[in-house]
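Peer 1: Quick one: structure below, then a few questions.
Every read-out reported here was derived from the displayed coordinates using simple, explicitly stated rules and does not represent laboratory data. All values derive from a computational prediction rather than experimental measurement. Backbone-built Cβ (ideal geometry, glycine too); neighbour counts: all protein chains shown.
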Amino acid sequence: MKINQKIFLQFGICVIFFGLIGILINNLTINLTRTGLGFNFSWLFKPASFALAEHPLPYTSSDSYAWALFIGWLNSLKVIASSLILATFLGTLIGFTRAGKNSLLGLISAGYITIIRQTPLLLQLMFWYFVGFLGLKDNIFNISNQGIEFSGLIFSSEFLALLLGLSIFTSAYIAEVIRGGILSVPRGQWEAFRSLGLSERKGLISIILPQALPAIIPGLTSQYLNLAKNSTLAIAVGYSDIYAINDTIINQTGRAIECFIILLVSFLLLNLLITNTMEFINRLILKSRKYS
Amino acid sequence: MEPIVIAKNLTKSFTKGLRALDNVSLTVNQGKVLVVMGPSGSGKSTLIRTFNGLETFDKGELNVLGIKVDSTHDERKIQKIRRRVGMVFQQFNLFPHLSILENITLAPVQVQKRRQIEAEEYGMYLLSQMGVDSHAKKYPSQLSGGEQQRVAIARALALKPELLLFDEPTSALDPERIKEVLDAMRRLAEQGMTMIVVTHEIGFAKDVSDQVLFMDSGKVIETSPPNIFFSNAKNERSRKFLNQLDNHYSES
Amino acid sequence: MFKININSIIFIFKNLKKTFFSNLFNTIITLLIILFISAACFNTFAWLMFKANWKVVLSNLPLYAFGSFPPNEQWRPATWIITLLILSIFTLCGPEWKWLRKNLLKAWVGTIPLGIYLLYGGFGLSPIMSRHWGGLTLTILLTVCSSLLSLPFGILLALCRQSSLPLIQKLSSIYIDVMRAIPLIAVLFFGQLLIPLFLPLGIEIDRVWRAVFAFTLFVSAYIAEDIRGGLQSIPNTQVEAANSLGLNQYQVIQFILIPQALRIALPALTNQSIGLFQNTSLMAILGLVELLGVGRSILANPEFIGQYIEVYVWLACVYWIVCTIMAVLARHLEQRMTINKANF
Amino acid sequence: MRRLVSGIVGLAALLAGCATTNQDNSSRLNLIKNRNELICGVSGKIPGFSFMKSDGSYQGLDVDICKAFAAAIIGDSEKIQYRPLTAAERFTAIKTGEIDLLSRNTTFTLSRDSSGGNGLTFAPVVFHDGQGLMVKKESKISSLKDLSNKSICVGSGTTTEQNINDAFESASLPYTPIKYQDLNQVVAGYLQGRCSAMTSDRSQLAAARSGFKNPKGHIILEDVLSKEPLAPASDGQDQKLADAMRWVVFSLISAEEQGITKSNIDEKVRIAKNNPQLKPLRRFLGIDGGLGEKIGLSNDFVVKVISSTGNYGEIYERHLGQNSEVPIPRGQNELYNNGGVHISPPFN
């Protein structure tokens, strides 16, 4: 009786759910036929006919839309990966100073965190780009508002502004994660390493941090995922990431639904990539702890 | 003398083949106090938790207050039983987000659909019976363990139950707090409440109980009146257990 | 957060001295930092006072606050914002907790219909269309409506994810996971441009409400996870105790699980709404004239072309102040809650 | 289990079938009239064409075109809801019915007009523009060739992006496009020196330059990269709305041709009413002929339009004329008999 009731309930919910989806899809098809667009992906292989400022792989405007999207995905990956590293570095540094004993540094990093966390990322990105990078008038050490030239490699100011903005924003959150992790280690552990005569710095790195890592990794993962998602704000500073290219293509072809699906899939892929990597790291840490 | 609980051949096994309950049969009559004793892991808690449906069993029959339950665990019947059976837990299990009075009035108002004012009046009466009426507006975390347990008893009484189940009510308390809870239980027994108590308190069992049931490894080893059980237990294992308890208490 | 009394200042100075004199390296670092900070402060101050042209801010203040709301009706959004402010102050120095919980919560929920009534008009007020809404008013409206709508949605999703019915559990898990995987701007894009494609001809939803809807879809997935965390940390004995009192499944959820889960998840939830407030700025990219959108519109006025630094600094200050108010409120609420902290 | 699934699918299909809306040939024109409000998509960020004033109202040539449509369809030029749209979202907004029509610096092109492309229908051109490049005087750049290997600031999601690509590609010159979301970002990028040049429609370049601190320091290159006839647009499936829009625009041009202005329209109506011989004027003003009804409007729609916005010349003068904030010489936007290209077919 009980089981039947459960099946019935689920069946009912299924009917309602799929019925709703059916209605929506039906409306969609009606609307798409009305606009004469239909639903297909064959346009992906037509020439894109727009140029891109940044392309890690060869790209010309006669390449296909699909290739343009792939370039966009690579651009996203590039900025995500690099700001991930920079944000982790900055975040750890600030997290340490915040948990550390130097009160001046602690005060500064607390101020940094409130300013960064309490203003919108979009505004920060626009500030970094339009005020920060474009404000550079002279060419000092190969740094100008065109970007940075570093032993033959050129990083555009759009990329750098996004990198810096994302890293600084995420670092404020990572700092809190790190601080939380450090505080989660029992006070006795600090006393223990101090009584052994280890210096603050050494104790923090070799005793406290390894114990804080299990508490830090999940928070770090979710911050990395947020960073990846936030990288779509590239559109505000003129960097050609996957979202910006999708946006251009929607405007040229009107294929909003298809582009949205492509965007969804690319982000699901990105997410899988990040979570799996972090899980792998987590497992490595757990493994190394077992042996030690 | 009406039987309140009749259990016949209750059997419950865990997945690994261990038996939590092994062919347990017992009867508790109205107004009687049954004390269940036994080493930890012997199935005492499991046994009394089956009486209000917190645990299921695989075989056997159970009749609580005239409601028959079998291994199918009919939700509606169990709900009926729960409305007439109160339970007090080892860890008190008060609701931390509700004040003491709200803890007590929640079930009468929501389950028995009594009026809020009426439930509060009766709740205050119960709290004063338990000697904790001055804490009515406080929250559980502001009370000591003994006070919390007395509130928990009042909460169980609020539904005007016909049977009270106690699952080691004093084992989470400081020694000096145990007495106040036991005294409250004593008073309840004097008022003629039917009670099934899992406890290690020999004094309480000796003074208050009508029967002592000794369990080990899910089996009922012995059921005797307290004077016989404590002076001259029939079974070897019971005696051994009592010895250990005595040693423990003389040490501490 | 910024409570600095004399003692703590003395303490800081003592500490400063300790680090200052501890070794040469630290001394240099400290000096450099102080030098850097004072240089930065001086430059900023000089720019703020002398170089910046604040006309772009000062002459457009009503626009930042109310968007293009008709000038003689601007008392309406103003009333609403002031009501919110007064409520915030009341909550901060609120009286007894119980009274607070019983009435302030209702008052907060009541601000939504009040706000919508004041903005839309009707029933004695002249009706104003949503196209006139803008600026800080719209930002706050988006925040308040979306956060209060996504709370019940989030709770429902969390309960579904914990459900014993496998199908419901799967569906809500998929929803939550997918929503958490995609960027907010994509969801907002969906809300602004794709939702109309899913509606039959002739049925339209106002774009402000579509934005609220999109935010709700997005945030409720995050709230669901926070609540789920809260639900999981409630010990099973609480459910047993409730069951033993004869409460049925729904009563257990209503009276025991949800109130406790909400308390546990409170810090996470307030963070979500602060995040939501900041994220409403994304609507500027999608053409809604909220606070950042107003800034961008003003920059298109030939009179103010190129004065974006002033606008950005000003907007950053506004966002920072509101976020800080929200954060202080949230912390206050959390402290009130910890008085009755769960003792499990 | 299979039966369950097929049952669900069947039921869903049934429900979906019930929800099919009846696809009659109802036009948006009726929807607008019933709603008593026109939803007009504008840019909101282009000086002279549509931008927000300090009091929060929109102003510009594109905005006045919206007003003309509202006056013609509803009879009240104030019953408009303006939707500021980004370049990227504008077509989707039309196709989804989010807006009734678009009056937003949109270039009339084949692929946008065709049912195989974006599926829009364009009204007559309201502003003839061409894409140009603006550079700083001090940079000494004088032609496209000088821009080889330079960065150029472009607004994303516009035809400008495609045109600049075509121009540089056909001249086989390499360049770096820096794409921004809207014009004032393009301006910021250009002024700060991120790019050597900015490209946009020449009207927008002029408009932007008028707001610069030193307008004389910037020159618009002679190279015209493209023809940019800017026109209002609506959904291509909606013939009735398109007809109405087409003739509202023509009425603006025709009124200028006939010297009918906002100030003398009442006078003209009076004269036409009293003089049965003035057949063309009577037809134009809706006294005879019932022309308006043929396109789903009231017969006197021209009177309503002209009395609320004035004729095309007046609109132009108000927003882009010599005394406006964004002066752009009229050039090819003059009437055909004055050296320009604007011409209206007869109102017969």
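Peer 1: Taking a 26 Å limit on the Cα-Cα distance, which of the listed pairs B:Lys68/C:Lys170; A:Lys78/C:Lys51; B:Lys138/B:Lys179; D:Lys145/D:Lys216; B:Lys44/B:Lys113; B:Lys80/B:Lys234 fall beyond it? Present the calculation step by step, with values, prior to reporting the outcome.
Peer 2: On the way: B:Lys68/C:Lys170 37 Å; A:Lys78/C:Lys51 38 Å; B:Lys138/B:Lys179 23 Å; D:Lys145/D:Lys216 23 Å; B:Lys44/B:Lys113 33 Å; B:Lys80/B:Lys234 38 Å.
With Cα atoms farther than 26 Å apart: B:Lys68/C:Lys170; A:Lys78/C:Lys51; B:Lys44/B:Lys113; B:Lys80/B:Lys234.
Peer 1: Across the residues of C:290-300, average count of Cβ atoms on other protein chains within 10 Å?
Peer 2: Details: counts 0, 2, 5, 3, 2, 2, 9, 10, 6, 9, 16.
The mean count of partner-chain Cβ atoms within 10 Å per residue comes to 6.
Peer 1: What ranking of C:His332, D:His342 emerges when the number of other C-beta atoms within 10 Å of each C-beta is taken as an exposure proxy, fewest first?
Peer 2: Lowest to highest Cβ neighbour count: C:His332, D:His342.
Peer 1: Mind ordering B:231-237, D:47-53 by average Cβ neighbours within 10 Å, highest first?
Peer 2: Order by mean packing, descending: D:47-53, B:231-237.
Peer 1: Among C:Leu257, C:Leu288, C:Gln335, whose Cα lies farthest out toward the positive end of the dipole of region C:64-339, if unit charges sit on the beta carbon of Lys, Arg (+1) and Asp, Glu (-1)?
Peer 2: The residue sitting farthest along the positive end of the dipole is C:Leu257.
Peer 1: Just want the ordering: B:Phe51, C:Phe189, A:Phe193, A:Phe39, from fewest to most Cβ atoms lying within 10 Å of their own Cβ.
Peer 2: On the way: B:Phe51 23, C:Phe189 27, A:Phe193 17, A:Phe39 12.
Taking fewest neighbouring Cβ atoms as first place, the list is A:Phe39, A:Phe193, B:Phe51, C:Phe189.
Peer 1: Give me, ordered by chain and number, the residues 5 or more places off C:Leu201 or on other chains with an amide H under 5 Å from its own placed amide H.
Peer 2: Hits under the 5 Å cutoff: none.
Peer 1: Under a point-charge model restricted to the Cβ atoms of Lys and Arg (+1) and Asp and Glu (-1), what is the dipole moment magnitude of region C:48-201 relative to its Cα centre, in debye to the nearest 20?
Peer 2: 200
Peer 1: Obtain the nm distance between the two label points defined at C:Ser130 and A:Phe39 by a simple spin-label model: each point lies 7 Å from its Cα along the Cα-to-C-beta direction.
Peer 2: Once both label points are built, they end up 2.6 nm from each other.
Peer 1: I would also like to ask the following. For chain D, what is the percent of antiparallel DSSP beta bridges, rounded to the nearest 5?
Peer 2: If we restrict to bridges inside chain D, about 60 percent are antiparallel.
Peer 1: Continuing with the same structure: State, to one decimal in nm, how far the label point of B:Glu2 lies from the label point of B:Gln30, with both points 7 Å from Cα in the Cβ direction.
Peer 2: Between B:Glu2 and B:Gln30, the label points sit 0.4 nm apart.
Peer 1: Averaged over D:312-320, how many beta carbons belonging to a partner chain fall within 10 Å of each residue's beta carbon? Walk me through the numbers on the way to the answer.
Peer 2: Details: counts 0, 0, 0, 0, 0, 0, 0, 0, 0.
That average works out to 0.
Peer 1: Kindly put D:Arg330, B:Arg187, C:Arg207 in sequence by how many other C-beta atoms sit within 10 Å of each C-beta, fewest to most.
Peer 2: B:Arg187, D:Arg330, C:Arg207
Peer 1: Could the peptides B:173-185, C:142-154 be put in order, highest first, of the mean number of other beta-carbon atoms found within 10 Å of their residues? Present the calculation step by step, with values, prior to reporting the outcome.
Peer 2: Numbers: B:173-185: 17.2, C:142-154: 20.8.
Descending packing order for the listed peptides: C:142-154, B:173-185.
Peer 1: Another question about this same structure. Just add up the charged neighbours of D:Gly75: K/R +1, D/E -1, any other residue whose Cβ is under 11 Å from the Cβ of D:Gly75.
Peer 2: 0
Peer 1: Ok, one more. Tell me, what HN-Hα J-couplings in whole Hz come from the Karplus equation 6.51 cos²θ - 1.76 cosθ + 1.60 at θ = phi - 60° for each residue of region C:118-134, using x for Gly and Pro?
Peer 2: These are the phi-based 3J(HN,Hα) values: 5, 7, 6, x, x, 6, x, 9, 5, x, 10, 7, 5, 5, 7, 6, x Hz.
Peer 1: Here's a follow-up. At a Cα cut-off below 28 Å, give the lysines reachable from A:Lys202, other chains included and same-chain residues fewer than 8 away excluded.
Peer 2: A:Lys101, A:Lys287, A:Lys290, C:Lys14, C:Lys17, C:Lys18
Peer 1: Determine the calculated [θ] at 222 nm for chain A from helices alone, applying -39500 (n - 2.57) to every DSSP H run no shorter than 4 residues and normalising by the residue count; nearest 500 deg cm²/dmol. Don't skip to the answer; put the middle values down first.
Peer 2: Details: 10 runs with 201 residues, N = 292.
The per-residue figure over chain A is -23500 deg cm²/dmol.
Peer 1: Roughly how many debye, to the nearest 20, is the charge dipole of chain D about its Cα centre, given +1 on each Lys and Arg Cβ, -1 on each Asp and Glu Cβ, and no other charges?
Peer 2: 400
Peer 1: What dipole magnitude, in Debye to the nearest 20, does chain C give about its Cα centre under +1 on Lys/Arg Cβ and -1 on Asp/Glu Cβ?
Peer 2: Dipole about the Cα centre, nearest 20: 800 debye.
Peer 1: Another question, then. Hey, can you grab everything whose amide H is under 5 Å from the amide H of B:Asp216? Only 5+ residues off in sequence or another chain; H modelled, so Pro and N-termini drop out.
Peer 2: The list, which skips near neighbours in sequence, is B:Ile221.
Peer 1: With each run of n ≥ 4 DSSP H residues scored as -39500 (n - 2.57), what mean residue ellipticity at 222 nm is computed for chain C after dividing by its residue count and rounding to the nearest 500 deg cm²/dmol?
Peer 2: Theoretical 222 nm ellipticity from helices: -22500 deg cm²/dmol.
Peer 1: Something else about it: Work out the FRET efficiency for B:Gln116 and A:Ile13 from their Cβ-Cβ distance, taking R0 = 35 Å, and round it to the nearest 0.05.
Peer 2: FRET efficiency, B:Gln116 to A:Ile13: 0.50.
Peer 1: I'd like to know which of D:Val326, D:Val303, D:Val341 lies farthest towards the positive end of the charge dipole of region D:277-348, counting +1 on Cβ of Lys and Arg and -1 on Cβ of Asp and Glu.
Peer 2: Comparing the listed Cα positions along the dipole, D:Val303 ranks first.
Peer 1: Rank-order C:175-183, C:38-46, D:56-64 by packing density, defined as the average count of other C-beta atoms within 10 Å over each peptide's residues, highest first.
Peer 2: Descending mean neighbour count gives D:56-64, C:175-183, C:38-46.
Peer 1: Count the net charge of all other residues whose Cβ sits under 11 Å from the Cβ of C:Phe213, scoring Lys and Arg as +1 and Asp and Glu as -1.
Peer 2: +1
Peer 1: Ok, one more. Work out from phi, with θ = phi - 60° and the Karplus expression 6.51 cos²θ - 1.76 cosθ + 1.60, the ³J(HN,Hα) of each residue of region C:149-154, listed in order in whole Hz, and give x for Gly and Pro.
Peer 2: Working through the residues one at a time gives 6, 6, 5, x, 4, x Hz.
Peer 1: Taking the alpha-carbon centroid of each part, what is the distance from region A:77-111 to region B:131-206 in angstrom?
Peer 2: 53
Peer 1: Would you list, by chain and number, the lysines whose Cα falls below 16 Å from the Cα of D:Lys150, excluding same-chain residues fewer than 8 positions away?
Peer 2: D:Lys136, D:Lys137, D:Lys140, D:Lys179
Peer 1: Projecting each Cα onto the charge dipole of chain A (Lys/Arg +1, Asp/Glu -1 at the beta carbon, about the Cα centre), which of A:Ile21, A:Thr232, A:Ile205 comes out farthest on the positive side?
Peer 2: The residue sitting farthest along the positive end of the dipole is A:Ile205.
Peer 1: Around A:Thr275, under 11 Å between beta carbons, what's the net of Lys plus Arg minus Asp minus Glu among the other residues? Please list the in-between numbers first.
Peer 2: Details: positive: C:Arg180; negative: A:Glu279, C:Asp177.
Net local charge, A:Thr275 excluded: -1.
Peer 1: Ok, one more. Could you name the lysines in cross-link range of D:Lys33, using Cα to Cα under 22 Å and dropping any fewer than eight places away on the same chain?
Peer 2: Qualifying lysines at Cα under 22 Å: D:Lys67, D:Lys79, D:Lys95, D:Lys240, D:Lys294, D:Lys304.
Peer 1: If you don't mind, another one. Using alpha-carbon positions, what is the distance between the centroids of region C:115-129 and region C:169-196, in Å?
Peer 2: Between the Cα centre of region C:115-129 and that of region C:169-196, the gap is 32 Å.
Peer 1: Amide H of D:Ala123 versus every other amide H placed in the peptide plane: which residues, excluding those fewer than 5 positions away on the same chain, fall under 5 Å?
Peer 2: The list, which skips near neighbours in sequence, is D:Ala233, D:Ser234.
Peer 1: Here's something else I'd like to know. Going by Cα centres, region D:272-291 and region A:156-194 are how many Å apart?
Peer 2: Measuring centre to centre over Cα atoms gives 79 Å.
Peer 1: To continue, here is another question. With contacts defined as alpha carbon pairs under 8 Å and 6 or more residues apart, what's the relative contact order of chain C in percent?
Peer 2: On the way: 301 pairs, mean separation 70.3, N = 344.
Averaging sequence separation for qualifying contacts and normalising by length gives 20 percent for chain C.
Peer 1: With each run of n ≥ 4 DSSP H residues scored as -39500 (n - 2.57), what mean residue ellipticity at 222 nm is computed for chain D after dividing by its residue count and rounding to the nearest 500 deg cm²/dmol?
Peer 2: After summing the helix terms and dividing by residue count, I get -11500 deg cm²/dmol.
Peer 1: Here's another thing I want to ask about it. Which whole number gives the average count of other chain Cβ atoms within 10 Å of the Cβ atoms across peptide C:58-66? Mind showing how you got there, number by number?
Peer 2: Working: counts 0, 1, 5, 1, 3, 5, 0, 0, 1.
Partner Cβ neighbours, averaged per residue: 2.
Peer 1: If each of C:Ile321 and D:Lys53 carries a label point 7 Å out from its Cα toward its Cβ, how far apart are those two points in nm?
Peer 2: 2.8
Peer 1: Hey, what do the phi angles of region A:42-53 turn into as Karplus ³J(HN,Hα) couplings, whole Hz, using 6.51/-1.76/1.60 and θ = phi - 60°, x for Gly and Pro?
Peer 2: With coefficients 6.51, -1.76 and 1.60, one gets 5, 4, 4, 9, 8, x, 6, 6, 9, 8, 10, 6 Hz.
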